[in-house]
Each structure stands twice: as structure tokens, then as C-alpha cells.
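The structure appears below as C-alpha cells.
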């Protein structure tokens, strides 16, 4: 084994094309939909959410949904201070789909519902999504760093081994595909140790299982759609939208759609995020702080960082494009396209 | 350009005694004349450099406890040297350093630095609208760090009994004139499964920290952002890496539905907040530098304060 970490092509290109270091904390991509809240969480009482340090107040009145820059009781008084994100109206475009409220972040003139990502395993109207599948967690890092953590596979063996397995397997192959707006990571693992949580409460008695895990990441809004399928076992489809709260924090209203898994796994598995999240935060918090430091020491990479480096590269390209004033979606981008085949869903 | 600093509680300065305070690392003697007007002199006699603050307040000003020289509070001029002959006069250039002083809303302010004192005092906004709690302390933390920690981890510096202040702050600090404003989530202790399991925080803690100066406002807000507790903390650099603190705070009329335990504790007179004079160094050291970066950047930024309305194009930054 070489002592020098090997860098993949994306890593080399990322290093070559960027004059700056990877600075995830400053990425502020716009003209995209953010799933800012579960639909079921919003009633007549205004709830405050944040996107890129900007207030989004959500409430319903007379059955109608509102997403505004200001609290409803202060809206009229403060409307003069409304930003260009609402064209000065104070109200963001907002749509309900897949059990979420999606708020538009960007130029309201460019809003299109077709830009909401397709989530094939969730009912579009959100009906029938059990509350036990929905868990909100908070990460102590900017969204891109949190997403990179999700893309990164090798950390799990060390940080989450007690919850999701020790990473031992016969074969472990990772593929990465991308467009200008998405990164897709496909992991095929044969004969891996069955995750403790699946063995204890998931009814999988075998010692080994195969895994095909697809993670589909939308770059602008950090919506991560995941379809891990275990054999023997079952798929545990999930959505993890990393809503950027600011440069230091992100919020994830997860949907772990375990409805087809056996009980009690289906009820308890979504709660595993309360175990995983503190483990991730223990590294993300100091890591995020260090990305504020100007340094000549670039991050090193191994071949295992291929998906993460691809993500970095594409995020930088997108950010640089937006910095040049180009906020459009490329010909290869269609967020609403059916990704059932991409995820490898059964049936 | 100079600025006003709130250095003492009004009630701490009374009678014929001066109060020794430290502001921007400089020791001052604050006192009142017979009419109640407040004055501030450098706590150093220009004669033999002893502190003036232990001396008595006389009709002519503050008298040095060592040789009895007396200094006018407004001008600092020495107007009496005991035992001078009748034909002797105090030289006109004999004076202690005097600082403009003013009082407002329970705080005594001192102007330090160049320029004409500004019309608005840091404590001008403070109006107690409920039962007050006041105090002063010297905290074992450097002044600039105190302000930074107030953004990065106010739970290291103060507490609201019955309330768990989380470290999940909302977005980045918002520039409001010479201050940075940041909200963070908080929850009632003993209700629910703890902050990690909360979908939406039931409380907010809003910290308003100056870029320059020492006037800090901390508020405990309901989920509807109605104030429950308001605190004004005046901080200033003390000596040897410590920070002078004086504060006033009050409990608002409790209109919102609040936990009965919290209401009961307040009803029997338990304080609604605590300011820590002894700060846990390990807790402070463990804080990551996060929103306070914006304060450090703002300190070096000489441009006009940021506008609330930012064009979309300018918000897209890499």
C-alpha cells in the first residue's frame, strides 16, 4: 500500500481548477426550493425557520399556507423592509409536496414547481406519511460540510460502528455519477456484517447481507435522497434535506420512510438519527470552525474521497457560475425527473 | 472617537463616598455632589499618585485621602490644598483627569476618548417594566472574549433558571447599527425529552452584542418572540484580563402560558436570571469560534452598517 494518499480524478481537478481552498461555509446557492418544514408541523401559529440566515415564518390562515419574511403580526409594519427574495412582497413562493413545505430561495421571477426534486418513494401529496418517520435533527456545521459527511462512507466505520455496523465486507465498490446539479453515489457491498440495529430489532437473523445503497444529492438545496436496499432485509428509503441555517449550523427534517419494514424496526429506526447525529456533530463542530481559517494547507484525499471530491468540484462550479450571474439550470438538469431507476427501487 | 460606557449602577454611588470602577482598563473614581450630579475622575491623585476613590466627597469635589487635595468633579481642577498660606493659590494647571459623566435609567455612564460626548447613552433604551434584579461583578475573562462568548456560547456567561439554552443559533449574526444580533433556541427544563428532540424551540435567547463598546442586551423570548426577561449588561475591560460587569434586568408581565414551576419560582421572588462572575474556563475553551467571527470582522470593517435589504445578486457569495 502506498503511503501517499491517492487522489481521484475529481480530486485532482478540484484542486487544479480552484484557486482557493474548499470553503463550504460560504456557499450560498440560490434559485432553488428548500424543504423548510414538515407540512404537519405548520398550523395557525407561526413557526420560524431559517434559510441562509434569512427568516422564513410559516403559518396557515383559513386553510391557506403562508411563508413570509416577517411574523404575521409584524408583516404590515415591516413589509417596507422586505427583500428581493420576495420581490418586496414579504411572501416567499411556497408549495407543499412529499410531506414538506418547500420555500423558494432566490429570484421569485425564476420560480418553477418543476424544480422541486422528485422523491419517488414518498406520496407527492404527503398523505399517509406516518409521523414516526419524521425526525428533525440539527447539525453543527454548514450544510455543504454536513452533506459531505453524508457522502463520505469511510467515516461511518469509525464514528458509527456501534449503530450501523463495522464496515467489514467481502467486497465494497463505489460508483459516482453526476450532472451539473446532482451527485449520485452508488455503493455495492457484498457479504457485509448485518448492522446491529437491523439484527436486534429488524428481524434479520443472518450474519451477513448484501447492500446496494444509492445516495442522490441535489447540490443547490442539499436535498439528499437515499435508497439503501439490504438483502436479506428490505430498503430503508430516506430523505435528508440539509437546510442551511447559516455558516455554522444546518437543520435536517428527515423522513426515514420505514413503513415497509417490520415492526418495531419501522418505528424505532427513524430515531437512530438521535444516536448518529451527536456522533457526527462531535467531529463536524470543530471541523466547521477550521474551514474558516485561511490556510495554504489543502485537504488531502484518498481514493475513498472520490464522491466527496466530485461533490466539492460540482459545488464550486455551480457557485462560480452563480457568481458570474448565471442562475439557470443546465440541459442535463431536471430535478423533477423520476429517479426511481437511479435509486434502483424495486417494482 | 470616544464613546460612552456604563460603568456603575446608579444606586451604587451615593453619599460622601466615591466608587472605584475600572473602564477600558483605567481606574476611575465616580461620585456625586450634594445635588446628586455624577462625576468621574481618574482614580489617581496627580500629587502623589494615590487612589482618590477612598477619599471623602467634599463640597468642592473629591478629596484625596493622602494629603487632602480636593478636585472638582466636572473639570478635575484642584481647588484646595490644605495648609496653603492665605496668599498662596493652587496653580491653574493642577488637575486630576476628569471624564464627562451622565446618568440614565439606573446606570452611570462615563465618556472616554476624543470628541464631543454623544447625545445617546448606551443605557438609554433600558426601561424596567417589571421587578428588577441588579448586580455588578468582575468576571475572570478578558473583555473581548466576554463579548465573543456572548455570541458563541452565552450559556457560559449567564443562565435563566429552568431554561436550557441550546447552541443552535439561527443563521448568522444580524448587523443592527453598531451591534450584532443573534437568536438561539432554548427549551424549558423538565419538559419533553430535551433540546435534541425538539422540533421547534419553545423559547429564544436573543443576544445583542456591540462591535465596539460594552453594552450588551440579552432577552429571553417566547416562541412568539414576546419578551419574558430583559437584561442589560454593561461590560468593560478591567485589569489583568478581567472584565467589569454591571447589569440590570427585569421580568416582563407574564402573559404567555408558562410552566407552573417557572411561574411559581418567580412568584416567590426567585431571580429570573443569573450573571456568572466565575466563568468555567473549560466550557469557554471548548466553544468553537463561530458567530463571533462576524464581530471580529465587523471591528475591522469601517464601512457603513449593513443594510437589512440586500439585493439578491449580492447575496450569492462563494
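Any read-out appearing in this document is the output of simple, stated calculations on the displayed coordinates, not a laboratory observation. For clarity, every value in this text was computed on a predicted model and none was experimentally measured. Because the Cβ atoms are built from the backbone with ideal geometry, glycine has one as well, and the counts that use them run over all protein chains shown.
The length gained by stretching the chain between residue B:181 and residue B:270 to full extension, at 0.36 nm per residue less their Cα-Cα distance, is 29.2 nm. Does region B:141-204 come out rounded, prolate or oblate, given a ≥ b ≥ c as the square roots of the eigenvalues of its C-alpha gyration tensor, rounded meaning a/c under 1.5 and, failing that, prolate meaning a/b above b/c? Oblate. For region A:27-131, what class follows from the C-alpha gyration tensor (a ≥ b ≥ c being the square roots of its eigenvalues): rounded when a/c is under 1.5, otherwise prolate if a/b is larger than b/c, else oblate? It is oblate, given that a/c is not under 1.5 and a/b is not larger than b/c. Look at the stretch B:165-176: the mean tally of other chain Cβ atoms within 10 Å of its residues' Cβ atoms is 5.
Percent of Cα pairs in region A:265-347 per distance bin of 10 Å, from zero to the largest separation: 11, 22, 34, 27, 4, 0. Would you mind getting the Kirkwood hydrodynamic radius of region A:185-268 from its Cα pairs, rounded to one decimal in Å? Computed over Cα pairs of region A:185-268, the Kirkwood hydrodynamic radius comes out at 14.0 Å. Oblate is the label for chain A. Its Cα gyration tensor axes, ordered a ≥ b ≥ c, give a/c of at least 1.5 and b/c at or above a/b. Springs join every pair of Cα atoms under 10 Å in this Gaussian network model of chain B, and among B:148, B:167, B:215 the largest mean-square fluctuation is at B:167. In chain B the Cα-Cα distances spread across 10 Å bins starting at 0 as 6, 24, 29, 21, 12, 6, 2, 0, 0 percent of all pairs. Look at B:278, A:155 and count the other Cβ atoms within 10 Å of each Cβ; fewest to most, that gives B:278, A:155. For chain B, the longest principal axis of the alpha carbon atoms and the long axis of helix B:143-152 meet at an angle near 20°. Counting neighbouring Cβ atoms within 10 Å and putting the fewest first, the residues B:33, A:326 line up as A:326, B:33. Model label sites at residue A:290 and residue A:324, defined 7 Å from Cα along the beta-carbon direction, differ in position by 3.3 nm.
Computed over region B:3-122, the alpha-carbon pair-distance distribution with 10 angstrom bins reads 15, 48, 29, 7, 1, each value a whole percent. Computed over region B:126-300, the convex hull of the alpha-carbon atoms projects to a mean area of 10.1 nm². Adding -39500 (n - 2.57) for every DSSP H run of four residues or longer, then dividing by how many residues chain A holds, sets the calculated 222 nm ellipticity at -6000 deg cm²/dmol. Could you tell me the convex hull volume per residue, in Å³, taken over the Cα atoms of the protein assembly as shown? Normalising the Cα hull of the protein assembly as shown by residue number yields 185 Å³.
Summary of the geometry: region A:71-108 and region B:209-271, compared by the centres of their Cα atoms, lie 31 Å apart.
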